[in-house]
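Below is one structure, written out as structure tokens; comments come after it.
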Ligand SMILES: CC(C)(COP(=O)(O)OP(=O)(O)OC[C@H]1O[C@@H](n2cnc3c(N)ncnc32)[C@H](O)[C@@H]1OP(=O)(O)O)[C@@H](O)C(=O)NCCC(=O)NCCS
């Protein structure tokens, strides 16, 4: 059942990882395991994607929980992890990598996903990331394209410890430009944060 939602009933927050309480962490793990069952084993150990916890989480919650003693229900989520992208031309950039983009089923198609992505992009810009990236399933490409995301010209491969390519089950890379800087050309490698050159 879809719910009527406007900004008066949903609270949007940017929460730095260090401000996530153990109680909220448990709630996030339960929410994400429900929405992304394929990630359940990973979340059972740690709320991280490919060994990287988010730098911050953009969260939508219900404003007026029925149970006042519980945390407000999570309605939508974007976790933002820092990664480095590099190219064979020796370019290297820190990027904001969006993970776990989701809205709870009863709240979809109400603009919450768009708002969460907008807020996350604004925060990434504020933190001086030149680009945002994400990997999505192929059927989601039109969704992100309609919100201004672009497919890179060439391949984008995620690496573990700079040695092992990580097979991406959902493997369409997309990006957003946040500064007046062209997205690098050629094949792109994605790593957990590397030191600046
Ligand atoms: C994808 C998802 C986050 C979208 O959230 P949402 O709050 O329903 O999206 P919005 O209401 O902000 O949609 C914005 C626009 O995209 C369109 N849209 C929404 N979901 C879409 C989809 N799955 N495919 C294509 N377009 C879609 C909407 O119609 C809307 O356009 P409109 O304003 O012209 O009507 C949500 O459906 C979800 O959680 N899906 C399951 C998890 C998932 O697959 N996440 C993506 C991982 S990469």
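Quick note: the coordinates plus some simple rules give every number you see, no bench work behind them. Because the structure is a prediction, the values reported are computed rather than measured. A quick note on method: Cβ atoms are made from the backbone with ideal geometry, for glycine too, and the neighbour counts reach across all protein chains shown.
Estimated purely from DSSP H runs of n ≥ 4, each contributing -39500 (n - 2.57), the mean residue ellipticity at 222 nm for the chain is -6000 deg cm²/dmol once divided by its residues. Take the Cβ-Cβ distance between residue 128 and residue 163 as r, set R0 to 22 Å, and report the resulting FRET efficiency rounded to the nearest 0.05. The formula returns an efficiency of 0.15 here.
Computed over region 56-152, the P(r) tail beyond 20 angstrom holds 44 percent of alpha carbon pairs. Ordering 94, 8 from the fewest to the most neighbouring beta carbons within 10 Å gives 8, 94.
For a paramagnetic label modelled on residue 109 (point 7 Å from Cα along Cα→Cβ), amide N atoms under 18 Å away belong, within region 123-147, to 139-144, 146-147. Taking the 0 to 90 degree range and rounding to the nearest ten, how far is the long axis of helix 112-126 tilted relative to the main principal axis of the chain, both from C-alpha atoms? Taking Cα atoms only, the helix is inclined about 50 degrees. Maximal additional length on extending the residue 15-residue 45 stretch stands at 8.7 nm, based on 0.36 nm per residue less the C-alpha distance. Rounding to the nearest 10 and keeping the result within 0 to 90°, find how far the Cα-based axis of helix 22-35 lies from the longest principal axis of the chain. With both axes taken from Cα atoms, the answer is about 80 degrees.
With kT/(6 pi eta Rh) evaluated at 10 °C and eta = 1.306 mPa s, and Rh the Kirkwood radius from Cα pairs, the chain diffuses with a coefficient of 91 µm²/s according to Stokes-Einstein. Label separation (residue 68 vs residue 171): 5.3 nm, computed from points 7 Å beyond Cα along the C-beta direction.
Residues of region 89-105 with an amide N closer than 19 Å to a point placed 7 Å from the Cα of residue 145 along the Cα-to-Cβ direction: none.
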